[in-house]
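The values are calculated or read from the model by the stated rules, or taken from the named source; none is laboratory data. Keep in mind that this is a model prediction, so the values were computed, not measured. Methodologically, a virtual Cβ is constructed for each residue, glycine included, from the backbone with ideal geometry; neighbour enumeration extends over all protein chains shown. For the accessible areas, the whole protein counts, side chains as well, though only heavy atoms, and no ligand, DNA or RNA atoms are used. Shrake-Rupley method; radii C 1.70, N 1.55, O 1.52, S 1.80 Å.
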Amino acid sequence: MEKIDLREFMVRQPSFPEQTDTDSFYLALADRLLNDTRSDGLAGELSDAVRKRVALTLADYMQDIVSDAGLWRSFIDADRELYGWSVPFHELPDDYIDYELNREDVRFLVWYVVAMYCDELRFIYPHDSRLLDYADACFGILESEYDEAPVPEDFNISLGLEFNDPEDHKAIYRLGTWLFMHSYLLTPAFSENLRGLVKEIAAEGDDPVARLNECLEKAMMEDPVGPLALYMPEWVYLMLERKLPRQSNMEEDDGKEKLHPYYSAFISSTAGEVMKFFDSYEAMNRFFIDSLGWEDGEEHLSQFKGAHDYTLMVTPRKGMMMARDIARCICADSNPFYDREYASAHAFGLLSERGRCPGDMLRYIIGNGWLPDARFPGTDDTSLVLSNQDFIARCYLQMYYRGD
C-alpha cells in the first residue's frame, strides 16, 4: 500500500507547520483515494506523482466544503458571474447541491489535475470515459466518508476577514500566500510556469532556493493564477466579498487618452474592421506601406517572414498586434482564408497553446464566436468547447490570455 508522506500532505494545509486534530483523517482519506482507485479507468495510465496530486487535491476539496472555507464556493460563484453556469464542462443534475460534495465537482477537479500535471494528457477530453470512471471511483470514496467527516476548522483561514479592514491586512496576505503557493484549486494551473521557472533558475547557477522564492513572490503579485486565471487580489476579494471586483476596461474609457496612431489609419483602410488577414508576408508588408504609411521599399517586420498566413488586429489604445498561422482557424466574414478542415484540427490550439495568439486578439475572436470548429483533440464535440471557450483559454493560457 502506497502512503502519502505526512509533510507532503501538511505543506498544503493553511496551518502548516502546525498539525491539527483532523489532519490524520484527511491524510488517511488521501491515502485511500490513492490506493483504492489504482485500477479504475484512467488511473492505471497515470504516474504515481499525478495520482498523488489527484488524491491530495480531492482530500483538500473535501476539507474545503466540510469547513466552508470558501475557495470552492468562490470558484462556483465566479463561474456563475462570468458564465451563468456552476461547473465547467458539466450539466448539473437536479440533485446538485451548491458548495457541498457533488459528482460533477469531482469530475472537473480530476480533469483539471490531470490536464495541468500530465503532459501526455494535457488536452484530455473532459468527458473521456476513462477519466469519468476514475473520477466516479474517487467520488464514491468521498461520498462514503462525507457525512461523518470531521470539520477541519483550521482550514478556514478567511473566516471573519474584511477586504478593506487595515487590521486584517496581515491575515489577508497570509491567505493570499496560501492560495497561491499551496491551495488545491490554484496551484495546478501554475504548474507549467513553475516548471519553466525551475529550469531557468537551474541554468542561472545562483542559489536556487532563494531565487525560486523571489520569483514566486513576484509571480504571486503580478500573474493571474488558478483555473480562472484571476489575479491574487481578485481571488481574495472573491472569497471575502463573494463576488468579483468591478473590472475597468482601458479600451472603453472616457476618451481622454489619445488614440494610438495606427488605429485610425488601420480602420480607415479596412472600412472600420479592426482585424485583417493576409495569405503572405508580402501582402502584409504591402498593407504596412500603402495603408499605414510605413516606408516604401522596406521589408517591415521581416523577422516574421515564412509563415503560411498572418493576422493583424488594432485597438484604440494599444495599437497593432500580429499572429501567424492562425487565419485558417478564424471563421470571420472578413477572412477569406478560413479553412474549416484545418480549423477542426488546429483551432483548439489557440485556446490551449501559449503564445499562439495575443490575448486581446483571442478575446476578440472568442467574443465574436469565430472559433466554431475548436474541439478537444481526438473528438468531434465542438459544442463543449464553444460553450467553454473563455474558461478553457483562462485555464490553459493564464497570463497569455489575461495579461496585458
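Key figures for this structure:
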read-out: Matching residues in the range 11-40 - criterion: being surrounded by 20 or more Cβ atoms within 10 Å (Cβ to Cβ) and among the small types (Gly, Ala, Ser); value: 30
read-out: Considering residues of the range 196-246 that are part of a helix (DSSP H, G or I), within 19 Å of residue 403 (Cβ to Cβ) and among the small types (Gly, Ala, Ser) only, the residue least open to solvent (accessible area, probe 1.4 Å); value: 219
read-out: Exclusive hit being surrounded by 16 or more Cβ atoms within 10 Å (Cβ to Cβ) and small (Gly, Ala, Ser), set 327, 345; value: 327
read-out: So residue 380, is it acidic (Asp, Glu) and assigned to a loop (DSSP other than H, G, I, E, B); value: yes
read-out: Selection from the range 154-180 of residues that are closer than 16 Å to residue 69 by Cβ, among the hydrophobic types (A, V, I, L, M, F, W, C) and touching a helix residue (DSSP H, G or I) at 6+ places or on another chain (Cβ under 8 Å); value: 155, 157, 161, 172, 175, 179, 180
read-out: Matching residues in the range 265-290 - criterion: being assigned to a loop (DSSP other than H, G, I, E, B) and either out of contact with any Lys or Arg (no Cβ under 9 Å at 6 or more places or on another chain) or more than 26 Å from residue 333 (Cβ to Cβ) (or both); value: 271, 272, 273, 274, 279, 280
read-out: Among the candidates 309, 373, residue that is in contact with a Ser or Thr (Cβ under 7 Å, 6 or more places away or on another chain) and open to solvent by less than 30 Å² (accessible area, probe 1.4 Å); value: 373
read-out: Whichever residue in the range 190-215 is without any contact (Cβ under 8 Å) to a residue 40 or more places away in the chain and among the acidic types (Asp, Glu) and, among such residues, is nearest to residue 116 (Cα to Cα); value: 200
read-out: Set 115, 135: member being part of a helix (DSSP H, G or I), crowded, with 16+ Cβ neighbours inside 10 Å and within 18 Å of the chain's Cα centre (by Cα); value: 115
read-out: Filtered residues of the range 90-112 (kept if open to solvent by 10 Å² or more (accessible area, probe 1.4 Å), touching a residue at least 12 places away in the same chain (Cβ under 8 Å) and either in a helix (DSSP H, G or I) or among the hydrophobic types (A, V, I, L, M, F, W, C) (or both)); value: 92, 101, 103, 104, 107
read-out: Tally of residues being within 25 Å of residue 112 (Cα to Cα) and either assigned to a helix (DSSP H, G or I) or touching a strand residue (DSSP E or B) at 6+ places or on another chain (Cβ under 9 Å) (or both) across the range 149-173; value: 1
read-out: Subset tally (residues that are touching a residue at least 24 places away in the same chain (Cβ under 8 Å), open to solvent by 40 Å² or more (accessible area, probe 1.4 Å), of a type outside the set (Gly, Ala, Ser) and assigned to a helix (DSSP H, G or I)) for the range 118-132; value: 1
